[in-house]
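Just below is one structure, and these are the notes that go with it.
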Amino acid sequence: MPIPSRDVGTTMHTSKSRGFPTGLSRHPEITAYGDRGYQGVNTDYPRASMRIPVKRSRKKRVLTHSEKIRNTNLTKKRIVVARTIAHLKEFRMLADVYLNAKERYGDLFRSVACLVNLRMACRTAA
């Protein structure tokens, strides 16, 4: 089922059952990081490269030390992306529906990304 994307005139196709982008199964060279809500996606889409934290079962109450380390490393990678997206969405152009000229979206997005990078660089330098 296609859903409208933020920029006018294009659509992104998702799976009916989970809302999983079907483009990931067509491009196995792309690795996606998900949370525990994506359990079972590797069986539904075997060609997609998806990294998901290990979920403890009801029978297995405690995760092993290596499973905890793996979950921590995956979470560290995911949180960087989530925080960067949050910083980008502070600008209304990326948080709301984009209604301007489609040809200018890439330039405006790059400008916002440069501003966010500059702000983050100034914060880390101080």
Practice task
Hey, can you tell me all the residues within region 77-92 that are over 14 Å from ASP35 (Cβ atoms) and either in contact with a helix residue (DSSP H, G or I) (Cβ under 6 Å, 6 or more places away or on another chain) or touching a residue at least 40 places away in the same chain (Cβ under 8 Å) (or both)?
Solution key: HIS87, LEU88, LYS89, PHE91
Handout entry: Hits in region 34-45 (condition: closer than 19 Å to VAL80 by Cα and surrounded by fewer than 15 Cβ atoms within 10 Å (Cβ to Cβ))
Key = ASP35, ARG36, GLY37
Practice task
Determine whether region 75-94 contains at least one residue that is outside any loop (DSSP other than H, G, I, E, B) and touching a Gly at 6+ places or on another chain (Cβ under 7 Å).
Solution key: no
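Considering only region 61-77, I want to know if a residue exists there that is touching a strand residue (DSSP E or B) at 6+ places or on another chain (Cβ under 7 Å) and at pLDDT 85 or above.
Checked against the condition, which is being touching a strand residue (DSSP E or B) at 6+ places or on another chain (Cβ under 7 Å) and at pLDDT 85 or above, region 61-77 yields at least one hit.
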Exercise for the section: Inspect region 46-62 for any residue being surrounded by 11 or more Cβ atoms within 10 Å (Cβ to Cβ), of a type outside the set (Asp, Glu), more than 26 Å from GLY23 (Cβ to Cβ) and without any contact (Cβ under 8 Å) to a residue 60 or more places away in the chain and give the result as yes or no. Expected result: yes
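Residues being within 19 Å of ARG70 (Cα to Cα), part of a loop (DSSP other than H, G, I, E, B) and among the hydroxyl-bearing types (Ser, Thr, Tyr): count how many of those fall in region 33-53.
0
The values are calculated or read from the model by the stated rules, or taken from the named source; none is laboratory data. What you see is a predicted model; the values in this text were computed from it and never measured. All Cβ positions, glycine included, derive from the backbone under ideal geometry; neighbour counts span all protein chains shown.
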